[in-house]
Amino acid sequence: MKRVVFTILVILALSGGAGRLLAHHSFAAEFDDKQPLKLTGTLTKVEWTNPHIWYYIDVKNPDGSITTWGLSGGAPGQLMRRGVKKDQLVVGSVVNVEGFRAKDGSHNGFGSKVTYADGRNVFTATPLDRQSTPAPAK
Amino acid sequence: MAVHRLSRWALLLLAVSALSTFPPLSAQNTPTPAIPRTTDGKPDFNGTYQWPTYLPGDERGRSNATIFDRKRFAPFKPGGEPFYEPRTGDPRHDEPRDFCMPAGFPASILSGNAMQFFQTKTHLVMVHEFQRNTRIIPLDGRPHREGLEPMFDGDPVGKWDGDTLVIDTTNFKRWALDDHHYTNPNEFRMHSDALHTIERLRWKSPTAISYTITIDDPKIFTAPWSQEFEIIAKPEWEKDGLFEYVCQENNRCPGGKCGGEK
């Protein structure tokens, strides 16, 4: 039953425009769409705060060291109205995150999608927000 | 007999009168929407709503915020103030909202978040979840305030035109008109400090408000222009109400500078 509810929530989150969540600022203000990220790590903390949620994952490097990445998502209110709740990001879980790196090159980025090992997705935002399209004609 | 003839004439006159006075049968059959009304008979806009959304066929931006459709724009005034403003590389210029500066009207109401309206006989209060932007609109016939500095949201006053609420807003600070810069990261669309907006709100059905914004900016355009949007009632959002929005709470990467790990 829990699984069914989760699936429905994810479908709800994906429907109705499939994201386009950034409202506080444009994607270009903070992130670089030429630096896509694909990370796998352990979710260590979730900040369900405005103006955007942030969550943190510990990523194991080839030399065995750990790098903590901070990942930004949508505004809590927007996510909750789409059926995405804080408890869907389970601290301690191993997750795959897709997104884009921060413009300053730090270990921060825009994480649009979190995927658990069993394939479940939590859409915390979407790459549709990135602005890589050519400038439209005036 | 004379009385009988008179009655026939009276009936004929009545029939002609009825045909000329009443709309065709098809129009009569169109039900008048049972719009919400307050106890004093005014249209009732109390409630929770989705932000103004596009009508079919209108240009859509690449964020969840609604933007104006360029085909609505009036021609630019020759020698007028520039409407398009390029980014300069200075983050405070290029995206002040990333430093928690306000969206400013009309971008504020077009932002993709829930809204709640509170209406009394004397005021309409429009609260937008984004930045918890609040517009307090007097409906008591008072004029615009004088002697104030220009404002991000301007100075609104409202009045009723039949079942339409007309909100007239002046005294704006020069600021981004809408979220066009989400769609085209190279530039902003700016309104001038001469901006004057006229909003018209009218229930078009029991669940949808027709919302038209007129942009009258004589420093930029040769004439006022308007665009109609739709505001959908969302009673299902009332259980949760508006969520808190404190931009400064965790604004981690202002201007793209995240400052390393946290």
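Listed values, structure above:
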{"read-out": "Positions within the stretch B:83-111 being part of a helix (DSSP H, G or I), within 22 Å of B:N64 (Cβ to Cβ) and either more than 12 Å from every other protein chain (Cβ to nearest Cβ) or more than 21 Å from the chain's Cα centre (by Cα) (or both), in sequence order", "value": "B:D94, B:P96, B:D98, B:F99, B:I109"}
{"read-out": "For A:I66: the one exception among (1) closer than 14 Å to A:T40 by Cα; (2) in contact (Cβ under 8 Å) with a residue 60 or more places away in the chain", "value": "(2)"}
{"read-out": "Complete set of residues in the stretch A:40-76 that are more than 10 Å from chain B (Cβ to nearest Cβ) and in contact with a helix residue (DSSP H, G or I) (Cβ under 9 Å, 6 or more places away or on another chain)", "value": "A:V46, A:G73"}
{"read-out": "Residue that is out of contact with any strand residue (DSSP E or B) (no Cβ under 9 Å at 6 or more places or on another chain), modelled with pLDDT of 95 or more and either surrounded by 21 or more Cβ atoms within 10 Å (Cβ to Cβ) or not hydroxyl-bearing (S, T, Y) (or both), where the choices are A:G70, A:G64, A:G77", "value": "A:G64"}
{"read-out": "Selection count, the stretch B:208-245, where residues are in a loop (DSSP other than H, G, I, E, B), without any contact (Cβ under 8 Å) to a residue 24 or more places away in the chain and either more than 9 Å from chain A (Cβ to nearest Cβ) or within 21 Å of B:P102 (Cβ to Cβ) (or both)", "value": "1"}
{"read-out": "Residue in the stretch B:147-164 that is touching a helix residue (DSSP H, G or I) at 6+ places or on another chain (Cβ under 9 Å) and either in contact (Cβ under 8 Å) with a residue 40 or more places away in the chain or buried (at least 21 other Cβ atoms within 10 Å of the Cβ) (or both) present", "value": "yes"}
{"read-out": "Failed criterion for B:M126 (all others in (1) within 25 Å of B:N46 (Cα to Cα); (2) buried (at least 20 other Cβ atoms within 10 Å of the Cβ); (3) more than 9 Å from every other protein chain (Cβ to nearest Cβ); (4) touching a residue at least 40 places away in the same chain (Cβ under 8 Å) hold)", "value": "(4)"}
{"read-out": "The stretch A:98-127: number of residues that are surrounded by fewer than 24 Cβ atoms within 10 Å (Cβ to Cβ) and more than 14 Å from chain B (Cβ to nearest Cβ)", "value": "10"}
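The values are calculated or read from the model by the stated rules, or taken from the named source; none is laboratory data. Keep in mind that this is a model prediction, so the values were computed, not measured. Using ideal geometry, Cβ is built from the backbone for each residue, glycine included, and neighbour counts are taken over all protein chains shown.
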